[in-house]
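Sharing a structure below in structure tokens format, with a few things to ask.
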Amino acid sequence: MCARLQAALSKLTVGMLQWRFDALLQAGTHRLNATYIVAGLILCDIVPEGILMANKKKKAAKAMKAIKVTPENKCSLCTGTKCCQYITLHIDTPRSMSDFDTLLWQVSHRNIQFYKDADGWFMLVVEAACEHITETGQCGIYEIRPMICRGYSNDECEFDSSAEEGFDLFFDSHQALDDYCRKRYKKWDKRFKKLAGK
Ligand code: SF4
Ligand code: SF4
């Protein structure tokens, strides 16, 4: 069957299918009838695009599972080149309410997060993709990439598990940090009342 005709029939049958489903539901007919309709469409080679896409995704996920991941092929399998999507800045350990006030302001901005890692380091994260990632996810300046990129090992990286899993603290929103500050400092609100002259 030609692709255009198949696409047109597919659209038509999706509409009919929707109508038939509604009718079946209204009539209280057994859902099995709807299953027969879908089976019929598949047998006639008139499969809605959504079903085709879902099948493709399933096949791709199955193929990925079958591949043995090694340090050599891991980066080429890493969709989105996760480790090149942000920068981090080491910041002083926040101790006072004033320190947390600053962090609340920073984390209120889009694409800003901060965390405390297992070694007790506080890091500010700025989500911003490196401009050297190529369309195929490679490093466009591999031969002259910065030293920090050369020192990054893929032995245990974000391909294996998300970075947040290893953090002691992680904040990606004003709300989350505000909740934390209110638990940490019982008199958190007192300063605001004082400023307002209450
Ligand atoms: S080092 Fe890890 S996170 Fe970075 S591209 Fe390679 S597999 Fe992906
Ligand atoms: S320079 Fe290359 S390795 Fe370094 S962050 Fe950019 S794309 Fe990644």
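The values are calculated or read from the model by the stated rules, or taken from the named source; none is laboratory data. Treat the numbers as computed from the prediction; the structure is a model and nothing was measured. Here the Cβ is made from the backbone with ideal geometry for all residues, glycine too, and neighbour counts use every protein chain on show.
Okay, residues lined up against (1) more than 20 Å from the chain's Cα centre (by Cα); (2) among the basic types (K, R):
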site: S98; (1), (2): yes, no
site: N111; (1), (2): no, no
site: P146; (1), (2): yes, no
site: C149; (1), (2): yes, no
site: S162; (1), (2): no, no
site: D172; (1), (2): no, no
site: K186; (1), (2): yes, yes
site: F192; (1), (2): yes, no
site: G197; (1), (2): yes, no
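With the condition kept exactly as written, say whether any residue in segment 147-168 is farther than 30 Å from V69 by Cβ, of a type in the set (A, V, I, L, M, F, W, C) and either surrounded by 14 or more Cβ atoms within 10 Å (Cβ to Cβ) or modelled with pLDDT under 95 (or both).
For segment 147-168, residues farther than 30 Å from V69 by Cβ, of a type in the set (A, V, I, L, M, F, W, C) and either surrounded by 14 or more Cβ atoms within 10 Å (Cβ to Cβ) or modelled with pLDDT under 95 (or both): absent.
I'd like the full set of residues that are within 13 Å of ligand 1 (Cβ to nearest atom), of a type outside the set (A, V, I, L, M, F, W, C) and over 13 Å from T81 (Cα atoms), limited to segment 132-151.
Once the filter is applied, which keeps residues that are within 13 Å of ligand 1 (Cβ to nearest atom), of a type outside the set (A, V, I, L, M, F, W, C) and over 13 Å from T81 (Cα atoms), segment 132-151 yields Y142, R145, R150, G151.
Also: Condition first: among the basic types (K, R), over 18 Å from the mean Cα position of the chain (by Cα) and in a helix (DSSP H, G or I). Now tell me which residues in segment 54-93 satisfy that.
K56, K58, K59, K62, K65, K74
Only helices (runs of 4 or more DSSP H) wholly contained in segment 108-195 count here; list those with 1 or more residues that are more than 18 Å from D92 (Cβ to Cβ) and away from ligand 2 (no atom under 16 Å from the Cβ).
174-184, 190-195
Kindly indicate the residue of segment 72-96 that is away from ligand 2 (no atom under 15 Å from the Cβ) and surrounded by 15 or more Cβ atoms within 10 Å (Cβ to Cβ) and also farthest from R145 (Cα to Cα) among those meeting that condition.
P94
Tell me which of these D99 doesn't satisfy, since it passes every other one: (1) touching a residue at least 24 places away in the same chain (Cβ under 8 Å); (2) closer than 17 Å to R184 by Cβ.
(1) is the only condition that D99 fails.
Still on this structure, please answer the following. Looking at (1) modelled with pLDDT under 90; (2) surrounded by 14 or more Cβ atoms within 10 Å (Cβ to Cβ); (3) not acidic (D, E), find the lone condition where R31 falls short.
With respect to (1) modelled with pLDDT under 90; (2) surrounded by 14 or more Cβ atoms within 10 Å (Cβ to Cβ); (3) not acidic (D, E), R31 is out only on (2).
What are the residue pairs meeting all of these: first residue in segment 126-149, first residue at negative phi, second residue polar (S, T, N, Q), Cβ atoms under 6 Å, and 6 or more apart or on different chains?
E127/N111; A129/Q85; I133/T81; G140/T134
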